[in-house]
1. Relative to the longest principal axis of the C-alpha atoms of the chain, give the angle of the C-alpha long axis of helix 78-89, reported between 0 and 90° and rounded to the nearest 10°.
2. Relative to the Cα centre, what is the charge dipole magnitude of segment 167-248, using +1 at the beta carbon of each Lys and Arg, -1 at the beta carbon of each Asp and Glu, and rounding to the nearest 20 debye?
3. Take the Cα atoms of segment 1-127, find their three principal axes, and give me the spread along each one in whole Å, biggest first.
4. Among the listed pairs K177/K436; K243/K274; K372/K436, give every one whose C-alpha distance is greater than 30 Å.
5. What whole number of Å gives the distance from the Cα centroid of segment 14-62 to the Cα centroid of segment 328-394?
6. Find the eigenvalues of the gyration tensor of the Cα atoms of segment 435-531, then list the square roots of 5 times those eigenvalues as equivalent ellipsoid semi-axes, largest first, in whole angstrom.
7. What residues have an amide H closer than 5 Å to that of V517, excluding those fewer than 5 places away on the same chain, when H is modeled at 1.01 Å from N in the peptide plane?
8. Which value, in debye to the nearest 20, gives the size of the charge dipole of the chain about its Cα centre, when Lys and Arg are +1 and Asp and Glu are -1 at the Cβ?
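Laboratory data are not the source of any read-out in this text; all were calculated from the coordinates shown. Note that the structure is a prediction, hence the values are computed from the model and not measured. Quick reminder, even Gly has a Cβ in these numbers, built from the backbone with ideal geometry, and neighbours come from all protein chains shown.
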Amino acid sequence: MVSTGNNSLEDSIWGVYGVLTTWNTLLSIAATWAAYKILQAAYNLSPLHPLSHIPGPRLAAASYLPELYWDVVCGGRYTRQIRDMHRIYGPIVRINPSEVHCDDVDFSDEIYAVGGRKRGKSARQVDGLVLIHTGFGTVDHDLHRLRRAPLAKFFSRSMIARLEPEIQALAQTLCDKLLAQSGKEAFDLTVAYSCFTTDAISGYAFGQSLGYLTREGWYPNFRNPTIAALKLVYVLRFLPFLKHLASSAAWVVDYLPEDVGLVVRNLQIDLPKKIDAMKADLNTDKVPERPTIFAPMLESTLPEREQGTSRLAKEAFAVLSAGTETTSWALAVITYHLLEKPHLLEKLRRELLEAGAGKESRQLPAWTELEKLPFLGAVIQEGLRLSYGVATRTARSAPGETLLYRGEWNKKAIEYTIPRGYAIGMSAAIMHHDEKVFPDSHAFIPERWLDSRNQRRKEVERGLFSFSRGSRQCIAINLAYCELYLGLAALALRVLPRMRLFKTTEEDVTWDYDILVPMTKRSSKDVRVTID
Ligand code: HEM
């Protein structure tokens, strides 16, 4: 059909009209959204808001923009801003429209309470985690208790004591592998330690270790993919729907970079397979060769909806990722300082030798004996302090109580109420530099943990926040200490005297930004060493 001139003019007018209408609609939506946000910001700033009495920057009280800017645009730098806010506004500050931050260790037992006092997690904090439906990622107090109970038994002191021979053996394998680098080029020690901690937790939790220490070289390992996943935390906090894309990644696992593929394969393929096999074994009463983390979850009184394969796989994966980076980074920080200050290493070795450990011996004193050594314990505490564990704030909310803070600021008494349900948190990266508790806080000084009788100083111990506190503190403190005591003792006796730092300075172990865990300057190449 041939169109007339009138028709094409009419089409053009309708076309322009269509475009204008679409633009108008989009503009109206944008204007409505902007008006809504302005009204919301006005409410956040008004005396009507339940947090209006808490001091802090006005922009942070009005909107999440400062947090978005520092954590997403600048990459994990809001904790530093929060630290600076405390210097201006005091120990209690409002850091965003719905959250308060505290910098007073004396209030920590109220925020991280135990003994039947309910503590939820902040929903915004959990939104950044891919590991939804895990204990770690659970907002509600009661549901968290239900999910944590079977795991807590698995990580009890008596269970970990039974694991000691295995950790001893792994510590020696780590030393063998490090010594085999003798005369070779420099390598990344952080990655080597991560292979040790990954083998320990994977062997214990899944019945079969990932075997990174017995493989040639240090790659692939679990550190790189864990860091890659954690880098998304702040983006997901602002765009939480994106985390659901992760569930489709199993389809493309063969095309992903090797280390990212490793995470996806574990989470989406290998762990669900193990769980299904374990479920089948339980149905046939087959006794597993050794306990795994799945047995207590499947045999517990968890309701059936909590025992789905996908949820259990995520829970197991959370344990794997929480158990590797924290402990290995603490070991790396300790190693750096011992190599940088040889008199501390000498002192530590002397203590170990006096306790009966042989110079080149592969047999260490028992974990319980090592725990009695004051200087070894002090070195570990100081390493935990300067490695922070989780550097970012870990907020809690009290759904059933209003919290009352009483303290002092600028020599005046202050008092604030934190209304029920509102998140309030503390950050290890800030607390561990409280100069009142840890004078010269950036320096590595193990002696600060000991008094003149070589006993631990209680007031200093109270300042350590590495494992968090209360009902949601780290579930695997026993395992972490077991790895640190045995790993460090073996290293100090057999490897550290032959280890040299390579192009590594204090900057390479100093917190610069965070992605839950602390990160050093982006240009850093981690702790690199050679072996004589
Ligand atoms: C130096 C070593 C470690 C440090 C500093 C550390 C630190 C922490 C912190 C601060 C939390 C609380 C996080 C929050 O409040 O959101 C936590 C929770 C947790 N950690 Fe650790 N951790 C360490 C080792 C381990 C190990 C070896 C494992 C694994 C076996 C592990 C498994 C977990 C789990 C499962 C949770 C969640 C507990 C819950 O929500 O109930 N951690 N850890």
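1. Long axis of 78-89 versus the principal axis of the chain: about 90 degrees.
2. Dipole of segment 167-248, to the nearest 20 debye: 360 debye.
3. Here the spans come out as 85, 31, 30 Å, largest first.
4. From K177/K436; K243/K274; K372/K436, over 30 Å: K177/K436.
5. 54 Å
6. Each semi-axis is √(5λ); the values are 25, 20, 17 Å.
7. Sorted by chain and number, the residues that satisfy this are A391.
8. That gives the chain a dipole magnitude of about 760 debye.
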